[in-house]
Amino acid sequence: MSLRIVAGSADGALAGAVAAALDTEPVSADLERFPDGELRPSVDGVRGADLYLVQHTGPPVNDHVVELLLLLDACRRAGADRMTAVVPYFGYARQDRRRRSGDAIGIRVMADALTSAGAHRLIVVDPHTVALEAICGIPVEMLTAVPVLARALREKVPSGAVVVAPDLGAVKIAQHHGRLLSSPVAVVRKIRLTGTSVAAEELIGEVHGRPAVIVDDMISTGGTIEAAVQVLLDHGAGPEITVAATHGLFVEAAEQRLGRPPIGRLVVADTIPQRDRPALRLSVCSVAPLLADAIGRLHRDEPLDDLLVHA
Ligand code: R5P
C-alpha cells in the first residue's frame, strides 16, 4: 500500500511539513465552494493508498469539521484502502459529558461522524480528554506534544521553577512536564462559571518565591490562565510566569489577557497554525516531526507507545 498525505485546507503548511518529513508530496484536494456555502471536495490519486488526512478542527470549528468529513468521504469513494484522520487539535473534546439534561455530548457526535465518513483510525495530539479513545469506535492514537514543548521550555525557564496545572484536568499534563523539567508540580482548583469566565478557588503546592510555568492542553479565551496567574501572585509566585499549552486557539480576549506581565513568555505547538500576535511573546514548536514519526510507524505497522499520552 502506498503512503499518501492528504492536506485539508485548515493547515496546508503542517500537512506539507509532515509529508516532507516522510519524503512524499502532499495530495491537495480540490475544494469547490457553492454560492450558498456548501463545499464539494474532490480528490485524485489515492486509490489503494494508506491515506492520512491532516485537518485540525479548530476555529472556524464547524467549517473544518464538515470539510474533514466530506474529504474522508471523497477519499473513500476515490478508492483509498485505509484512512486515518490526523486531527492535531480535536474540537468538541471539551463536550464530553452533559452539564444538565438537554445538553449534547459533542465529542461523541464527532467520533461517530468520523467513523461513518469512513475513517479507520484517528490520530490526535493531547486531546482534552483521554476518554476520546473509549468514545471512538475506531482505534485512536493519542500523541503528546509535551516532550516537544518541554524541550523549548528547558531553554526558557529559570531553575527552581514550579510547574502549575491551572485546573484539575491539567494535572496529568503538568506531571509529565514536571518529570521532563525535573520540577515540582502545584495545582490550582478552578471552577468554570461560563464559556468565557472561570474562578480559581485554591492552590495546592508550594510556589512562594518561585518562577512558575503554567501548563495546559489548550488556551482558548485565556480565562483559565488569567485566573491561575492571579492565584499564583496571591501566593507569592514569580516574578516570572511562563505559559505553555499544546493548542493555542487565542480567541476573544485571550491576547489582551495573556499579553501583559507577569506572563513573560508563551509556548504553544503548531497543532493550530499561529499568525503573528504582536501582543504575545509567543514561541511555536512544530509537531510535524511527531506526526510524521507516528504516521511512518503506523504505515510500517510498528508500535507508537513512546509517542503517546500516558493515561
Ligand atoms: C479546560 O478544562 C481546558 O483544559 C482549558 O483549561 C480551557 O479549555 C481553556 O479555556 P480558556 O482559555 O477559555 O479558559
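Observations on the structure shown:
- Close Cβ contacts (under 9 Å, 6 or more residues apart or on different chains) running from residues in segment 168-192 that are under 22 Å from residue 152 (Cα atoms) and in a helix (DSSP H, G or I) to residues that are among the basic types (Lys, Arg) and away from the ligand (no atom under 14 Å from the Cβ) comprise 180/151; 180/154; 181/154.
- Restricting segment 238-263 to residues that are polar (S, T, N, Q) and either in contact (Cβ under 8 Å) with a residue 60 or more places away in the chain or part of a loop (DSSP other than H, G, I, E, B) (or both) leaves a set whose member that is nearest to residue 211 (Cα to Cα) is 242.
- Selection within segment 166-203 - modelled with pLDDT of 95 or more, surrounded by fewer than 18 Cβ atoms within 10 Å (Cβ to Cβ) and more than 23 Å from residue 143 (Cα to Cα): 184
- Residue in segment 213-241 that is most open to solvent (accessible area, probe 1.4 Å), counting only those that are away from the ligand (no atom under 16 Å from the Cβ) and touching a Gly at 6+ places or on another chain (Cβ under 7 Å): 240
- Here residue 52 passes the criteria (1) surrounded by 24 or more Cβ atoms within 10 Å (Cβ to Cβ); (2) modelled with pLDDT under 95 except the one numbered (2).
- Yes/no for residue 94 being closer than 20 Å to residue 127 by Cα, free of Cβ contacts under 8 Å to residues at least 12 places away in the same chain and open to solvent by 70 Å² or more (accessible area, probe 1.4 Å): no
- Residue list for segment 113-133, filter: farther than 15 Å from residue 71 by Cβ, more than 12 Å from the chain's Cα centre (by Cα) and open to solvent by less than 10 Å² (accessible area, probe 1.4 Å): 132
- The listed residue being more than 16 Å from the chain's Cα centre (by Cα), of a type in the set (Lys, Arg) and modelled with pLDDT under 95, out of 257, 277: 277
- Qualifying position, being of a type outside the set (Val, Ile, Thr), within 21 Å of the chain's Cα centre (by Cα) and not in a helix (DSSP H, G or I), among 266, 298, 291: 266
- Within segment 227-252, the set of residues being at pLDDT 95 or above and under 16 Å from residue 282 (Cα atoms) comprises 241, 242, 243, 244, 245, 246, 247, 248, 249, 250, 251.
- Pairing each residue of segment 45-63 that is acidic (Asp, Glu) with any residue that is in a strand (DSSP E or B) and surrounded by fewer than 19 Cβ atoms within 10 Å (Cβ to Cβ), provided the two are 6+ apart or on different chains, yields C-beta distances under 6 Å for 50/3; 50/82.
- Scanning segment 168-207 for residues that are hydroxyl-bearing (Ser, Thr, Tyr) and within 16 Å of the ligand (Cβ to nearest atom) returns 194, 196, 197.
- Of the listed requirements (1) modelled with pLDDT of 95 or more; (2) more than 30 Å from residue 4 (Cα to Cα), residue 264 misses just one: (1).
- Search result, residues across segment 301-311 that are assigned to a helix (DSSP H, G or I) and in contact (Cβ under 8 Å) with a residue 40 or more places away in the chain: 307
- Candidates in segment 248-302 are the residues that are out of contact with any Lys or Arg (no Cβ under 7 Å at 6 or more places or on another chain) and of a type in the set (Ser, Thr, Tyr); of these, the one that is farthest from residue 141 (Cα to Cα) is 286.
- Residues satisfying the stated conditions in segment 119-167, i.e. within 23 Å of residue 294 (Cα to Cα), more than 16 Å from the ligand (Cβ to nearest atom) and part of a strand (DSSP E or B): 121, 122, 123, 140, 141, 143
The values are calculated or read from the model by the stated rules, or taken from the named source; none is laboratory data. This is a predicted model, so every value here is computed, not measured. Every residue, glycine as well, gets a Cβ built from its backbone with ideal geometry; the counts of neighbours run over all protein chains shown. Protein only, heavy atoms only, side chains kept; ligands, DNA and RNA dropped before computing areas. Shrake-Rupley method; radii C 1.70, N 1.55, O 1.52, S 1.80 Å.
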